[in-house]
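Novice: Let me begin by handing over the structure; questions about it come next.
The values are calculated or read from the model by the stated rules, or taken from the named source; none is laboratory data. Not measured: the values here are computed from a predicted model. Note that each Cβ is placed from the backbone with ideal geometry, even for glycine, and that neighbours are counted across all protein chains shown. Ligands, DNA and RNA are excluded from the accessible area calculation, which covers all protein heavy atoms including side chains. Shrake-Rupley method; radii C 1.70, N 1.55, O 1.52, S 1.80 Å.
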Amino acid sequence: GYGISVDELVEEIAKDAVFFEESGGGVTFSGGDPLYFPKEFRALSQQIKKATGLNIWCYTGFTLEQLTGKIQSRATGETAREMLKCIDILVDGKFEKELKNITLKFRGSENQRVIDMKKTLESGKITLYLE
């Protein structure tokens, strides 16, 4: 363990939720890939969303198509689809060194997409954030 329980972590985030909200911030999951542990990530994101209502961003090497099952992968499944309901912005796709572009907003390589998950789930069509 990391010395802090999920409940304690959510409680700490909730304490600062007003500050995060006023500053336009939220919660971002990045570094490694949170979707390697989909059940745990789903539970954590659901608890954070319920306790704080903050925006949740997630960076993943999987594509949305892999998460939803349009393309089969080890990330495909009901757990991933449920988790997507808690995420506001999904940055999908692996960072590709040969496609690196430092002028891009919120992503590092041109193959990655910044997806507005709320609009995507509502419309059924991938809707990019800020485009």
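Novice: Could you look through the stretch 44-80, keep only residues that are outside any helix (DSSP H, G or I), among the hydrophobic types (A, V, I, L, M, F, W, C) and over 14 Å from Asp92 (Cβ atoms), and pick out the one that is modelled with the highest pLDDT? Before the answer, list the steps.
Specialist: In the first step, residues of the stretch 44-80 are kept if they are outside any helix (DSSP H, G or I); the result is 53-63, 69-77.
Imposing the further condition that a residue be among the hydrophobic types (A, V, I, L, M, F, W, C) reduces the set to 54, 56-58, 62, 71, 75.
If we keep only those that are over 14 Å from Asp92 (Cβ atoms) too, we end up with 54, 56.
Values: Leu54: 86, Ile56: 91.
Filtering first and then ranking leaves Ile56.
Novice: Among the residues of the stretch 41-54, is any of a type in the set (Ser, Thr, Tyr) and in contact with a Gly (Cβ under 8 Å, 6 or more places away or on another chain)? Reasoning before the result, please.
Specialist: Going residue by residue through the stretch 41-54, those that are of a type in the set (Ser, Thr, Tyr) are 45, 52.
If we keep only those that are in contact with a Gly (Cβ under 8 Å, 6 or more places away or on another chain) as well, we get none.
Within the stretch 41-54, not a single residue is of a type in the set (Ser, Thr, Tyr) and in contact with a Gly (Cβ under 8 Å, 6 or more places away or on another chain).
Novice: Something else: Does Lys50 count as out of contact with any strand residue (DSSP E or B) (no Cβ under 7 Å at 6 or more places or on another chain) and under 25 Å from Val10 (Cα atoms)? Before the answer, list the steps.
Specialist: Values: out of contact with any strand residue (DSSP E or B) (no Cβ under 7 Å at 6 or more places or on another chain): yes; under 25 Å from Val10 (Cα atoms): yes.
Answer is yes for this residue.
Novice: Among the residues of the stretch 65-92, how many are out of contact with any helix residue (DSSP H, G or I) (no Cβ under 9 Å at 6 or more places or on another chain) and under 19 Å from Ile126 (Cβ atoms)? Don't jump to the end; show me each part of the working.
Specialist: Pass one, the stretch 65-92, residues out of contact with any helix residue (DSSP H, G or I) (no Cβ under 9 Å at 6 or more places or on another chain): 65, 78, 91.
The next check asks that each one be under 19 Å from Ile126 (Cβ atoms); those that pass are 65, 91.
Residues flagged as out of contact with any helix residue (DSSP H, G or I) (no Cβ under 9 Å at 6 or more places or on another chain) and under 19 Å from Ile126 (Cβ atoms) within the stretch 65-92 amount to 2.
Novice: Take the residues in the stretch 100-114 that are assigned to a strand (DSSP E or B) and closer than 18 Å to Phe29 by Cβ, then tell me which one is most open to solvent (accessible area, probe 1.4 Å). Working first, answer last.
Specialist: Step one: list which residues in the stretch 100-114 are assigned to a strand (DSSP E or B), which gives 100, 109, 113-114.
From what is left, the residues that are closer than 18 Å to Phe29 by Cβ are 113-114.
Numbers: Arg113: 61, Val114: 12 Å².
Ranking the candidates gives Arg113 first.
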